[in-house]
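K.L.:
Before anything else, here's the structure in question.
Each value in this text was obtained by applying a stated rule to the coordinates, not by laboratory testing. Quick caveat: nothing in here was measured; it's all calculated off a predicted structure. So basically every Cβ, Gly included, is an ideal-geometry build from the backbone, and we count neighbours across all protein chains shown.
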Amino acid sequence: MATTSVTTGGTATAKRGRPRSFDREAALEQALRLFWERGYEATSVADLTAAMGIRPPSLYAAFGDKRALFDEVIARYRETYGAYSTRAMDEEPTARAGIARMLHESAAEATDPEHPWGCLMISSTVNCTSPEVAEAVRELRNANVRALESRIRADVAAGHEPPGTDPAALANFTAVVLQGMSQRARDGATRAELEQVAADAMRIWPA
């Protein structure tokens, strides 16, 4: 609590000021990294407030409860660290090129020493006992698979892929590779090793 000194009749008295504010964005970043490192289930409110440098009342006032904070963390992750996948698919001319770029960028992002390894979207709800939390993140992952399938299907229709291409199979295969790369990164795989996985994965695409 900040205080200021006020002189009244020659006597200095303490006047209570407004509580010192905290950097909400910096606190959110710390929560993101903690959830990323430990997962939703293993991260307590006490862990969060310690990492964020705030007291529980400030956390609840600024973010709501732990679940609401986690939802905001997921949204922030998708807009920052995890945005490479959307950029790759949006900026490359074909699904094949977009997925190749996405896999290689995943190898770099998943092993970046500046933050926890792997993918928060994949690892944060492992062994989560909250069905609602697990289902929310699972649906986001499944939505990504559906988006990949739709993009591949459009490329088949446009003649960028052979007529016999199976869009659902390729989308599911890509998701499995990405999830496996995330886990391998958390187990200590290097960027070079994961880039080799990415290159090998693209060899299964129809000629």
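K.L.:
Identify, please: which residue in region 20-40 is surrounded by 16 or more Cβ atoms within 10 Å (Cβ to Cβ) and touching a Ser or Thr at 6+ places or on another chain (Cβ under 8 Å) and is, among those, farthest from residue 117 (Cα to Cα)?
P.N.:
Only one residue fits best here, namely 40.
K.L.:
Of all residues in region 35-47, count the ones that are assigned to a helix (DSSP H, G or I) and without any contact (Cβ under 8 Å) to a residue 12 or more places away in the chain. Spell out how you get there, then give the answer.
P.N.:
Kept after step one, since they are assigned to a helix (DSSP H, G or I), are these residues of region 35-47: 35-38, 45-47.
Now restrict to residues that are without any contact (Cβ under 8 Å) to a residue 12 or more places away in the chain: 38, 46.
Total satisfying the criteria: 2.
K.L.:
Consider residue 154 carefully, then state whether it is under 24 Å from residue 72 (Cα atoms), surrounded by 13 or more Cβ atoms within 10 Å (Cβ to Cβ) and not aromatic (Phe, Trp, Tyr).
P.N.:
When the stated conditions are applied, residue 154 does not pass them.
K.L.:
Next up: Which ranges mark the helices (runs of 4 or more DSSP H) fully within region 48-142 that have 3 or more residues being aliphatic (A, V, I, L, M) and more than 15 Å from the chain's Cα centre (by Cα)?
P.N.:
Values: elements: 56-63, 66-79, 84-91, 95-110, 120-123.
So the answer is 56-63, 95-110.
K.L.:
Answer yes if at least one residue in region 187-205 is closer than 20 Å to residue 77 by Cβ and not charged (D, E, K, R), and no otherwise.
P.N.:
So far as region 187-205 goes, yes, one or more of its residues are closer than 20 Å to residue 77 by Cβ and not charged (D, E, K, R).
K.L.:
So, one more: Kindly list the number of the only condition in (1) surrounded by fewer than 18 Cβ atoms within 10 Å (Cβ to Cβ); (2) more than 18 Å from residue 38 (Cα to Cα) that fails for residue 126.
P.N.:
Unmet condition: (2).
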